[in-house]
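The values are calculated or read from the model by the stated rules, or taken from the named source; none is laboratory data. This structure is a prediction, so every number in the text was calculated from the model and none was measured. Using ideal geometry, Cβ is built from the backbone for each residue, glycine included, and neighbour counts are taken over all protein chains shown. Note: areas computed on protein heavy atoms with side chains; ligands, DNA, RNA excluded. Shrake-Rupley method; radii C 1.70, N 1.55, O 1.52, S 1.80 Å.
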Amino acid sequence: ASGIWEPQETRFLLDTLRPGDVFVDVGANIGYFSLLASRLVGPAGSVLAFEPERGNYDLLEANCRLNHCPNVRCFMAALGDENASGTLYLNELNRGDHSLYPAEQGRDSQDISIVNGSKLISSLHPRVNFIKIDTQGAECDVIRGLQPLIAASAPDLIMLIEFSPTHLRNAGTSGRTLLEL
């Protein structure tokens, strides 16, 4: 109704991102945060948006075209610890709740690509300024794959990680493990 999705996270990006920054959007969905970051980092900056689900990815790309965001590069892949193929379990009622770790049996699924984030991102940008992660339980896998990039980007790196204890349990991990990583 207000034109703002997740107002606290939106405000944080508005207060934090600067022209020339490199923003990584892991679990980009249809691109709300990628588009916002595109405007904030400007033409000297870069946005890397990762979305594994086909329908969301198509909308992400279309939104980037419609909003004239040439500094956004989209990847139809999930991030993880290793390059691999995987299965994404779909939530037909909530396009933002697809997961590598299903909450219940019987969900439709899609075959997807999983890529090591550090290897791919470092080949494009040796350091990044901001990483947003929203992956419905795969956060620990994502962090493990990003550890070399995180180390290279510290101490100036900012990370925003959305997680749910339930999704982490479905993935066989926990909030404590995520925080320790």
Original post:
Tally Lys/Arg at +1 and Asp/Glu at -1 over every other residue whose Cβ is under 12 Å from the Cβ of G137; what's the total?
Top reply: -4
Subject >> Principal axis dimensions, region 1-105 - Cα atoms, whole angstrom, descending >> reply: 44, 35, 25
**OP:** Return the Cα extents of the chain along principal axes one, two and three, sorted largest first, each rounded to a whole Å.
**Re:** 45, 36, 29
Subject >> 17 Å reach of a label modelled at A84, 7 Å along Cα-to-Cβ, counting backbone N of region 143-181 >> reply: 143-147, 168-174
Original post:
Ranked from the most accessible area to the least, with a 1.4 Å probe and all protein chains present, what is the order of E180, E53, E6, E104?
Top reply: E180, E104, E6, E53
**OP:** Apply the Karplus parameterisation 6.51 cos²θ - 1.76 cosθ + 1.60, with θ equal to phi minus 60°, to every residue of region 98-113 and state each ³J(HN,Hα) to the nearest whole Hz, in sequence, with x for glycine and proline.
**Re:** 6, 8, 6, 10, x, 6, 9, 6, x, 5, 4, 9, 9, 6, 9, 9
Original post:
Once the Cβ-Cβ distance between R11 and S164 is put in as r, and R0 is 30 Å, what FRET efficiency do you end up with, to the nearest 0.05?
Top reply: 0.90
Original post:
Given A44, G27, S2, which one lies farthest toward the positive end of the charge dipole of region 1-121, if we put +1 on the Cβ of every Lys and Arg and -1 on the Cβ of every Asp and Glu?
Top reply: A44
Subject >> Span from the region 76-109 Cα centroid across to the region 120-157 one, whole angstrom >> reply: 20 Å
Original post:
Among P43, P52, P155, whose mean-square fluctuation peaks in a Gaussian network model of the chain (Cα, cutoff 10 Å)?
Top reply: P155
Original post:
How big is region 85-127 on each of its three principal axes, counting only the C-alpha atoms and giving the largest first in Å?
Top reply: 40, 19, 13
Subject >> Residues whose placed amide H lies under 5 Å from that of V22, excluding near-sequence neighbours >> reply: S46, N129, F130
Original post:
In the chain, carbon and sulfur make up what percent of the accessible area (probe 1.4 Å)?
Top reply: 53 percent
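For the chain, what is the accessible area per residue in Å², given a 1.4 Å probe and the full set of protein chains?
Spelled out: the 1.4 Å probe surface of the chain, per residue, equals 51 Å².
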